[in-house]
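The values are calculated or read from the model by the stated rules, or taken from the named source; none is laboratory data. Computed from a predicted structure; not experimentally measured. No Cβ is skipped: glycine too gets one built from the backbone with ideal geometry, and neighbour counts run over all protein chains shown. Surface areas here come from the heavy atoms of the whole protein model, side chains and all, with no ligands, DNA or RNA. Shrake-Rupley method; radii C 1.70, N 1.55, O 1.52, S 1.80 Å.
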Amino acid sequence: MRLPNWVRLPGRTVRVRLTVLYALLFFFSGALLLAIASGVTVHSSAVVAGPTAPLQPGQPGAHTHMSQPPAAHRPPQAVDLVGQNQLGHVLFISSLIALAIMTIVSRALRPVRQMTAAAQHISEDNLHERLAVAGPRDELKELGDTIDGLLARLEGAFNAQRRFVANASHELRTPLTTMRASLDVALAKPEPVPPQTVALAGRLRAELDKVDALLEAFLVLARAQHHHLPGSTALPLDYVVGAALADQAAAIHARNLTVQDTSGPGGAWVTGSQALLSRLVENVIGNAVCHNADGGWIRITTQTDGRRASLVVENGGQVLDQRQVAELAQPFRRLGADRTGSAQGSGLGLSIVAAIAEAHGGTLDLQAREGGGLRVCVELPSAAARPSAAEAGVPA
């Protein structure tokens, strides 16, 4: 016989299970309390109503030879000891019952703990993982499936965002190339070009270079956030630092900066994408050069403790606000020109550093120096083995 749709029998749901368990817990607790109270009352009544005088010889029930005195003639300490033993036995049994009941309750709530642990483990880097709650089709199962659906939508949104950035960056390179070619054609005509046109072409070319650098930064950021690590190899940080300083030599000389490089040769080896790690070091050193005062200083240190390799770059300057400094790892976060002495940069440099470090299992720490300036510390896992310079593709 099929029941009407409006009739819903309680199924095997979490609500029903918890209701039954809590009802049983309440019932057994109440019964145990009544049993303890009844036992104490009966015991007290037996002690109070016991015989007050010993039986005389010759009376019924009297014995001429008694091995033990009656309960009424026992010392009060013996009576109290018997009551304590009985009460302790009752409490021991009740504790076992309560422990068994709480064990059943904890097993009923086990899926909640599993879901909590799985949800805490999932982040934007492993959105492909799911809770995958097993068991009957109850409220917890529906909740787990709902969270899995949410994670699937978030994964799709993150992937779509990264694909959009990568595709947009690629597509915008074509018009930039066309604009550069048009400028070159205009300036290459045989007739004399007006000075105003030459100046305008120079400004346009400089802006096009900025846009091109911005698009390249978008591509690097998208690859790093997607943990795409091309050309993974082992290389020493001091070699990468030397290459970055060589690229920044003109800017360092133009601003009359003093660079103190205390990196020891071959001291800190890391494993990863040489292109991305080189970009990481270039951005950190470039940030120290760009956001510095003329005639200032830069101090660079690389070291390792066997498990982690670190790159520390410090530079002088004005006193910065630590709350604002902590946000510089986010895209398009920049300090004003009145605080750093420079308004250059796209606001993506340190966010790219953070993404590359995270993609390699490392961290980025930004600290405002008490005396002014910024301290940037990048920590990366050390290479398991240090290959020779020839094996790593590094010039000796």
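Observations on the structure shown:
- Number of positions in the stretch 357-371 that are modelled with pLDDT under 90 and either touching a Lys or Arg at 6+ places or on another chain (Cβ under 9 Å) or open to solvent by less than 10 Å² (accessible area, probe 1.4 Å) (or both): 1
- Within the stretch 346-372, residues that are over 27 Å from R307 (Cβ atoms) have Cβ atoms under 9 Å from residues that are of a type outside the set (S, T, Y) and part of a strand (DSSP E or B) in these pairs: A368/L374; A368/R375, counting only partners at least 6 apart in sequence or on another chain.
- Each residue in the stretch 131-163 was checked for being modelled with pLDDT under 85 and open to solvent by 80 Å² or more (accessible area, probe 1.4 Å), and 4 pass.
- Some residue of the stretch 309-319 being over 19 Å from G372 (Cα atoms) and among the hydroxyl-bearing types (S, T, Y): yes
- Residue count, the stretch 315-331 (criterion: of a type outside the set (S, T, N, Q), open to solvent by 30 Å² or more (accessible area, probe 1.4 Å) and farther than 16 Å from L280 by Cβ): 6
- Of all residues making up the stretch 264-306, the number that are outside any helix (DSSP H, G or I) and either within 26 Å of the chain's Cα centre (by Cα) or crowded, with 21+ Cβ neighbours inside 10 Å (or both): 15
- Selection of helices (runs of 4 or more DSSP H) fully inside the stretch 174-256 by the criterion of at least 2 residues being surrounded by 13 or more Cβ atoms within 10 Å (Cβ to Cβ) and of a type outside the set (V, I, T) returns 195-225, 237-247.
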